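Asks: Here it is, the structure, as structure tokens.
Coordinate-derived values only; no laboratory data. Being a predicted model, the structure only gives us computed values, none of them experimental. Please note: Cβ atoms are built from the backbone with ideal geometry, for glycine as well, and neighbour counts cover all protein chains shown.
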Amino acid sequence: MSWSATERQRSFTICPTPLRSPQQPGALTLLWIIRNWNRRRILKSADTSEDAWRMAWSDLRLLRRLNDMEQQRLRELAALFIHEKSLEPVQGLLLTRRMKQTIALQACLPILNLGFDWIDHLVSVVVYPDTFVSEVTERDDVGVVHHYRQARSGESWERGPLVLSWADIEAGLGEDGYNVVLHEVAHRLDALDGAVNGKPPLHAGMRDLTWRDSLCAAFEDFTRRVRANEDTLIDPYAAESPAEFFAVFTEAFFETPHGVIAEYPAVYEQMAAFYRQDPSRQG
Ligand SMILES: [Zn+2]
């Protein structure tokens, strides 16, 4: 499939203020040791069997490429997610076990080979039944402050919750490059180095310069194509900013990896190195 420039309008937001201090996931501290001991204890009593997760798993075609070990690890991460994170339905939404599992499995897919520490800072997930309206305050280039209301399918706040629309989660269950959970988790990972700029903290062996060169060139080319109303394999919302580029390409990386490889192979290579996954290997 391809996206036309006007096919889908969607709105996400991210808190623009930097984190108080850069966070180093995996730092060996007493707190980290206690937390991991506690997590092992939780997993001993959690049901992470295939049967217990079968219904939610069957909804998520993008998980079919995972091998047995990866499937078990993802179920364990998702079980921790449901145990540690506060999943909060609002506006009368009834959040069933299957729905919680559906959210948790998608939220943990990006950290499958990174580890649960990478989403330690995420405390809660607010789930609306459908698209929700947010009050927006923005200052323009000449300093004038604008207030307006905007319909949204998801939001990510650095020291607050992920906010998600269940209708949009359901709409994103196919492998079409649209996945609001992956999108918002990508923003949280992006923010871990103190700036939401489309570059998460990179692993040892990855080079900042290579990341920037690969993604900046792709962002510039993609933006040009969207402005020219070209059809693209990736959602044109990625042209909004480098941060949105990273979040939208994260969706595409996991859901339509061959499209990313076809159009921006250097971006795919960098994202595969960051996420430590290769979704293109099957499907
Ligand atoms: Zn976004």
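Asks: So what's the chain giving for Cα Rg divided by 2.2 N^0.38 Å, two decimals?
Replies: After normalising by residue count via 2.2 N^0.38 Å, the value is 0.98.
Asks: Give the Cα extents of the stretch 72-161 along the principal axes, in whole Å, largest first.
Replies: Principal axes ranked by extent give 52, 32, 16 Å for the Cα atoms.
Asks: Translational diffusion coefficient of the stretch 177-216 at 25 °C, 0.890 mPa s, Stokes-Einstein with Kirkwood Rh over Cα pairs, in µm²/s as a whole number.
Replies: 222 µm²/s
Asks: Sort 151-158, 87-94 by the packing proxy (mean of other Cβ within 10 Å over each peptide's residues), most packed first.
Replies: Descending mean neighbour count gives 151-158, 87-94.
Asks: Now for a different question. Pairs of Cα atoms under 8 Å, at least six residues apart: use those to get the relative contact order of the chain, whole percent.
Replies: Averaging sequence separation for qualifying contacts and normalising by length gives 23 percent for the chain.
Asks: Could you list the square roots of 5 times each eigenvalue of the Cα gyration tensor of the stretch 91-131, that is, the equivalent ellipsoid semi-axes, sorted largest first and rounded to whole Å?
Replies: Semi-axes from the Cα gyration tensor: 23, 12, 8 Å.
Asks: Give me the compactness ratio for the stretch 119-159, meaning the Cα radius of gyration over 2.2 N^0.38 Å.
Replies: Cα-based Rg divided by the globular estimate yields 1.50.
Asks: Using the eigenvalues of the Cα gyration tensor, what equivalent ellipsoid semi-axes result for the stretch 196-265 when each is taken as the square root of five times the eigenvalue, whole Å, largest first?
Replies: In descending order, the three semi-axes are 20, 13, 11 Å.
Asks: Continuing with this model, one more query. Considering only DSSP beta bridges whose two residues both sit in the chain, what percent are antiparallel, to the nearest 5?
Replies: 50 percent
Asks: Subtracting the Cα-Cα distance from 0.36 nm times the residue separation, let me have the gained length for Arg97 to Glu138 in nm, one decimal.
Replies: 11.0 nm
Asks: Out of Asn179, Phe254, Trp57, whose Cα points farthest toward the positive end of the dipole of the chain (charges: +1 Lys, Arg; -1 Asp, Glu; placed on Cβ)?
Replies: Sorting the options by dipole projection puts first Trp57.
Asks: If I model a spin label as a point 7 Å beyond the Cα along the Cα-Cβ vector, how far apart are those points for Val145 and Ala167 in nm?
Replies: Output for this residue pair reads 3.2 nm.
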